[in-house]
Amino acid sequence: MTERSMCANARERTAICAHSRHTSPMVGVDLPEPQGQQREVVYLTAQGHLVVLGTAGSGKTTMAVHRSRYLAGAPGIGGPTLLLTFNRALVTYLKSVGAHAPGLTVESYHRFALGYLRSVTGRPIYVCKIKKALVEKALIEVRATTQRAVADRPLDFFLDELHWMSGHGVTAEDIYLNGVPRIGRGTPLAPADRAVVYQVYRRYLELRAASGVSLDWDDAASQVLEHLKTDARARRYRHIVIDEGQDFTPEMIRSLAAAIPQDGSLTFFGDYAQQIYGSRMSWRSLGLSVPSKVEFEQNYRNSRQIARLAQAMSDMPHFRDEVDLVAPRTPTADGPLPTIATVASKAEQLRQAAAYANGLAADRRVAVLMRTRDQESALRQHLDPRHRHYRIHRELQSWPQGPGVFYGTYSAAKGLEFDSVILPLCDADELPKPSEVAAHGLEEAMAREARQLYVAVTRARSELVILRSGPLTALLPDAMSDLFHRLPS
């Protein structure tokens, strides 16, 4: 594919897709008003546990913000309200689209957790910042004492297993070793192998304690929950609303359920097709008392063509499991087919991705999304300084308004949306990440990475461009299917 053909394609598609720009909450306009069933969710009962599951683009964030503002100010039933999401970039975004009102606090989960722990202990809370190095040291020591083959698995496997243990509150030795179901884990572990993992975990805790730190980001939720069980003080928040709840671990959700008073409410908004951070699970495993869940099938964000690709992705064998997926209703908005372009090399993919984004940035919000941070600097050197460009990351202090180029990882773009999305490096040898395959095996890596790519695909409102140099990743449907427009190489 030549740069000229790509830029010509950009001009043509800008005209096709212009109809969708004015509806986006990303351009600094007021938050859209809830419609139909969305309005009903905003004003649901203000007591107990509520679960709202929706497909990508169904307006979960819109509902979460409106519900938070309602709960903060409703006469009689309202009160101090906490709107939580998983990462700080999303907190900045939520505030930019109207998540502000008297009595409403917007935070990431970990900011909430550390604030609570400070309030209950009366002392500063320090989080272990060298967990990876300490786990690696623990693993080296355990490898010297065991013949079990599991000890030879990569460090990433152990980091991930310890994350799962803490996230599910399964850190007592007898519970972990005696066959507790490892929900969302692809490969079973024999009891003797679990014993090796637990040796690594126990030694990590010893090394962490020796460094003078008592918690890390993974086990903060368990400590919050333990304190809340005996904390007789009045709860700070009457209502808690969780946006992007599929990324919260069970312990996080349990701690939040314990953080509301008897006459309060916990509202969970999520989409398990987009799950990234925790281990895959059903909302039923979160410890919530929910008589029934509310489901949203209507996709308000994506064009019909992009939604059709996302649905095809979720129908692939490696995407199917036990979690609650909501099948989307086909959107009515029309747009071009997602484009697959084949270029000469991976370096050229990044250059052409930047060139294409530069060509659209004058009047559109364009995102170039990649699987890892490694490619960001290579992409950045090709971005045109005459257009505004922003790296999507947690340190953003304010959310940029107006057109421009955004770039970052799939996970950094979680919860966001853009007029156009460009995905370079969708080659079979890049996705799934080789390190994920080494740590978890091909089957489990495919299941995990499929959700990452699903998130990236569904960030696009009206235009999606996929780049490759060799065979297309098996996480996407066949490149020759009618789901794609193919540009000549």
Review point. Just a yes or no: is a residue in the stretch 349-367 in contact with a strand residue (DSSP E or B) (Cβ under 8 Å, 6 or more places away or on another chain), closer than 23 Å to GLN305 by Cβ and of a type in the set (D, E, K, R)?
Key: yes
Point to revise | Residue check for GLY186: modelled with pLDDT under 95, under 30 Å from HIS318 (Cα atoms) and in contact with a Leu (Cβ under 9 Å, 6 or more places away or on another chain) | key: no
Check your understanding: of a type outside the set (A, V, I, L, M, F, W, C), at pLDDT below 90, surrounded by fewer than 19 Cβ atoms within 10 Å (Cβ to Cβ) and part of a loop (DSSP other than H, G, I, E, B): does that describe SER285?
Key -> no
Check your understanding: Can you list the strands (runs of 3 or more DSSP E) found entirely within the stretch 24-111 that contain at least 2 residues being open to solvent by 10 Å² or more (accessible area, probe 1.4 Å)?
Key -> 48-54, 104-108
Exercise for review: Mind listing just one residue for me: the one in the stretch 141-169 that is outside any helix (DSSP H, G or I) and of a type in the set (Gly, Ala, Ser) and, of those, surrounded by the most Cβ atoms within 10 Å (Cβ to Cβ)?
Suggested key: GLY169
Check your understanding: Mind checking which residues of the stretch 359-375 are within 19 Å of the chain's Cα centre (by Cα), surrounded by fewer than 18 Cβ atoms within 10 Å (Cβ to Cβ) and outside any helix (DSSP H, G or I)?
Key -> THR372
Check your understanding: For LEU205, which of the numbered conditions (1) touching a residue at least 12 places away in the same chain (Cβ under 8 Å); (2) over 14 Å from TYR126 (Cα atoms); (3) open to solvent by 20 Å² or more (accessible area, probe 1.4 Å) fails to hold?
Key -> (1)
Exercise for review: Look at ASP243 and say whether it is at pLDDT below 95 and farther than 21 Å from GLY73 by Cβ.
Suggested key: no
Exercise for review: Please state which one of ASP427, ASP419 is in contact (Cβ under 8 Å) with a residue 12 or more places away in the chain, surrounded by 16 or more Cβ atoms within 10 Å (Cβ to Cβ), in contact with a Lys or Arg (Cβ under 9 Å, 6 or more places away or on another chain) and within 30 Å of ARG153 (Cα to Cα).
Suggested key: ASP427
**Study point:** Hits in the stretch 443-489 (condition: in contact with a His (Cβ under 9 Å, 6 or more places away or on another chain), over 26 Å from ALA344 (Cβ atoms) and either without any contact (Cβ under 8 Å) to a residue 12 or more places away in the chain or open to solvent by 20 Å² or more (accessible area, probe 1.4 Å) (or both))
**Key:** GLU443, MET446, ARG448
Review point. Does the stretch 124-140 contain at least one residue that is touching a residue at least 24 places away in the same chain (Cβ under 8 Å), part of a strand (DSSP E or B) and surrounded by fewer than 19 Cβ atoms within 10 Å (Cβ to Cβ)?
Key: yes
Exercise for review: Identify the residue in the stretch 430-440 that is among the small types (Gly, Ala, Ser) and open to solvent by 30 Å² or more (accessible area, probe 1.4 Å) and, among all such residues, is nearest to VAL150 (Cα to Cα).
Suggested key: ALA438
Practice item. Could you please tell me which pairs satisfy a Cβ distance under 6 Å, a separation of 6+ or placement on different chains, a first residue in the stretch 59-75 that is at positive phi, and a second residue that is assigned to a helix (DSSP H, G or I) and modelled with pLDDT under 95? Key: GLY59/GLN38
Practice item. Kindly indicate which of TYR390, TYR407, TYR356 is assigned to a helix (DSSP H, G or I), hydroxyl-bearing (Ser, Thr, Tyr) and either crowded, with 18+ Cβ neighbours inside 10 Å or under 21 Å from the mean Cα position of the chain (by Cα) (or both). Key: TYR356
Point to revise | Failed condition for LEU383, given (1) in a helix (DSSP H, G or I); (2) without any contact (Cβ under 8 Å) to a residue 40 or more places away in the chain | key: (1)
Revision key, fill the gap. Counting only residues in the stretch 336-351 that are out of contact with any helix residue (DSSP H, G or I) (no Cβ under 6 Å at 6 or more places or on another chain) and part of a helix (DSSP H, G or I), the one nearest to LEU431 (Cα to Cα) is identified as LYS346
**Study point:** the stretch 208-236, residues that are in a loop (DSSP other than H, G, I, E, B) and either on the phi > 0 side of the Ramachandran plot or open to solvent by less than 50 Å² (accessible area, probe 1.4 Å) (or both)
**Key:** GLY212, VAL213, ASP216, ASP218, ASP219, ASP231
**Study point:** Condition check for LEU396: in a helix (DSSP H, G or I), touching a residue at least 60 places away in the same chain (Cβ under 8 Å) and not polar (S, T, N, Q)
**Key:** no
Practice item. Identify the single condition in (1) under 24 Å from LEU475 (Cβ atoms); (2) in contact with a helix residue (DSSP H, G or I) (Cβ under 6 Å, 6 or more places away or on another chain); (3) in a loop (DSSP other than H, G, I, E, B); (4) open to solvent by 20 Å² or more (accessible area, probe 1.4 Å) that ALA378 does not satisfy, given that it satisfies every other one. Key: (3)
Point to revise | the stretch 288-325 - residue that is closer than 23 Å to PRO432 by Cβ and among the β-branched types (Val, Ile, Thr) and, of those, modelled with the highest pLDDT | key: ILE306
Exercise for review: Please enumerate the residues belonging to the stretch 188-202 that are loosely packed, with under 13 Cβ neighbours inside 10 Å and either among the polar types (S, T, N, Q) or not in a loop (DSSP other than H, G, I, E, B) (or both).
Suggested key: PRO191, ALA192
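The values are calculated or read from the model by the stated rules, or taken from the named source; none is laboratory data. For clarity, every value in this text was computed on a predicted model and none was experimentally measured. Here the Cβ is made from the backbone with ideal geometry for all residues, glycine too, and neighbour counts use every protein chain on show. With ligands, DNA and RNA removed, areas are computed over all heavy atoms of the protein, side chains included. Shrake-Rupley method; radii C 1.70, N 1.55, O 1.52, S 1.80 Å.
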